[in-house]
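The structure under discussion appears below in the form of structure tokens.
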Amino acid sequence: MPFETAADGEGMILQVADDATRQSLLALTETLSPEERRAARTLALAPGETPRFADYPRVNALDTFLNYLRAGPLLDTLADNAFEVGFAPIVFADDHDDIMAHGAQLRFPQMNEPPEMVFDLARRADLLHQLDRSARIACIEAAPAQNIDTPVFVEFQPAAIYDPVYCLRTTVDAAKRVGLPPENIVFTLNHPKGGYDLGHLQNILSYYHEQGYEVALGKLGSGVGALELLQHLRPQYAWLAPRLVAGVAGDPYSGVIARKLLEMAHRLRIDTIAYADPTSPEANWLYEHGVNYLANPVNPTEAQAKTSAGDVGHEHAAQ
């Protein structure tokens with residue numbers, strides 16, 4: 001792979017001009033260790049440009065740059081607003097025919113990966129802010145077209161929001177633009193992976209509360225800090241993690257953990273929701289232990305209501 005040595009001798013200048021060069025760069029994923037890929041720094045410039053001080057914020061780890069090269073389909077998705085949004089019913093645990101809300105579910109038709117893997121790629125390619133923002137707005141814009149008369153749960157990634165007032169303003173504006181009142185949206189904080197800044201999470205939820213929205217805590221029991229998150233974030237709803245619910249009726253260890261989480265939530269007057277087939281033993285166990293609502297996960301293409309972002313006048317551009 002041809003390269004030039006930087007003037008100070010401390011770096012390399014590579015021309016990423018064709019697919020062959022891109023593939024050679026991607027081979028570094030196998031050649032270098034994860035620590036080396038994180039330690040090495042890269043800056044992308046147009047041919048002939050020289051680095052300026054203003055370019056400093058665009059310096060990324062080599063690992064981030066390599067993931068960005070892989071993210072072509074994701075970039076196309078953002079550019080085309082290519083989201084499909086389905087709405088899965090959330091029913092009362094004691095009456096499966098009574099729908100209390102719907103959960104917005106995303107699919108990416110231009111990509112083969114499931115949504116969780118798409119968001120993971122966005123995180124590694126430093127595109128999480130753009131993807132999460134576009135996805136939230138797509139879900140909000142899709143709801144009115146389906147004449148849904150129940151609240152809609154919309155997920156968001158806390159790692160994508162660095163300033164609640166700035167980052168969430170466009171989401172709130174989108175709800176106002178399509179005439180979706182605050183009482184018809186519940187924003188679900190996707191359980192942060194690894195470490196988290198509790199003060200930052202409180203700022204995000206406080207902004208939503210100030211705008212009149214209710215909030216939910218997602219995937220409770222999937223990581224550390226469940227008690228701390230419930231105590232300090234004080235959501236109106238909490239979703240049990242699917243991994244915790246799976247087999248809970250026959251696994252005493254999962255049963256004890258789920259029961260303790262439910263006890264905490266109920267004492268704090270937090271409504272609880274869990275993914276479960278209403279006909280399964282898990283659904284019976286959940287109802288007997290105080291879970292209020294059940295959601296049966298479905299593919300957006302199979303949901304009761306489905307729309308493509310392009311069908312509802314999706315006008316915003318990823319920034």
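The values are calculated or read from the model by the stated rules, or taken from the named source; none is laboratory data. Bear in mind the structure is a predicted one, so any value in this text is a computation, not a measurement. We place every Cβ from the backbone using ideal geometry, glycine too, and count neighbours over all the protein chains shown. Each accessible area value is taken on the protein alone, full model and side chains, heavy atoms only, with ligands, DNA and RNA left out. Shrake-Rupley method; radii C 1.70, N 1.55, O 1.52, S 1.80 Å.
Just the number, please: carbon plus sulfur as a percent of the accessible area of the stretch 112-199, 1.4 Å probe, no ligands or DNA/RNA counted.
Of all accessible area on the stretch 112-199, carbon and sulfur atoms account for 50 percent.
Give me the distance between the Cα centres of the stretch 228-259 and the stretch 99-115, rounded to whole Å.
Each part's Cα centre sits 22 Å from the other's.
At 222 nm, what helix-only mean residue ellipticity would the chain give, in deg cm²/dmol to the nearest 500, using -39500 (n - 2.57) for each DSSP H run of four or more?
-11500 deg cm²/dmol, from helical runs alone.
Could you give log10 I(q)/I(0) at q = 0.12, 0.15 Å⁻¹ for the chain, computed by the Debye formula over C-alpha point scatterers of equal weight, without solvent?
Listed by q, the Debye log ratios stand at -0.89, -1.23.
Test of the criteria: in the stretch 230-284, which trypsin sites (Lys or Arg not before Pro) are in a DSSP loop and have at most 16 other Cβ atoms within 10 angstrom of their Cβ?
Numbers: sites: ARG243, ARG259, LYS260, ARG267, ARG269; in loops: ARG269.
Of the trypsin sites (Lys or Arg not before Pro), the ones in loops of the stretch 230-284 whose Cβ has at most 16 other Cβ atoms within 10 Å are ARG269.
When the solvent-accessible surface of protein heavy atoms is calculated with a 1.4 angstrom probe, in what order do MET264, MET111 fall, highest first?
MET264, MET111
Quick one: net charge around HIS209, please, counting Lys, Arg +1 and Asp, Glu -1 for every other residue with C-beta under 14 Å from its C-beta.
Numbers: positive: ARG234; negative: GLU183, GLU210, GLU214.
Its environment carries a net charge of -2.
Can you check what the Kirkwood hydrodynamic radius comes to for the stretch 89-247, Cα pairs only, in Å to one decimal?
About 16.4 Å, per the Kirkwood formula over Cα pairs.
Residues of the chain: accessible area per residue at 1.4 Å, in Å²?
Dividing the accessible area of the chain by its residue count gives 52 Å².
Counting other Cβ atoms within 10 Å of each Cβ, which chymotrypsin sites (Phe, Trp or Tyr not before Pro) in the stretch 128-231 have at most 16 and sit in a DSSP loop?
TYR162
Give the angle, between 0 and 90 degrees and rounded to the nearest 10, that separates the Cα long axis of helix 128-145 from the longest principal axis of the Cα atoms of the chain.
So the inclination is approximately 40 degrees.
Among DSSP beta bridges lying fully in the chain, give the percent that are antiparallel, nearest 5.
Counting DSSP beta bridges with both partners in the chain, the antiparallel share is about 50 percent.
Show me 1-11, 16-26, 86-96 ranked by packing, highest mean number of other Cβ atoms within 10 Å first.
Most protected by this proxy first, the peptides run 86-96, 16-26, 1-11.
Rounding to the nearest 10 and keeping the result within 0 to 90°, find how far the Cα-based axis of helix 115-124 lies from the longest principal axis of the chain.
The helix 115-124 is inclined about 40 degrees to the chain.
Averaging over every viewing direction, what projected area does the convex hull of the Cα atoms of the stretch 1-95 cover, in nm²?
10.9
Please get the size of the charge dipole for the chain, origin at its Cα centre, with Cβ charges of +1 on Lys and Arg and -1 on Asp and Glu, quoted in debye to the nearest 20.
580
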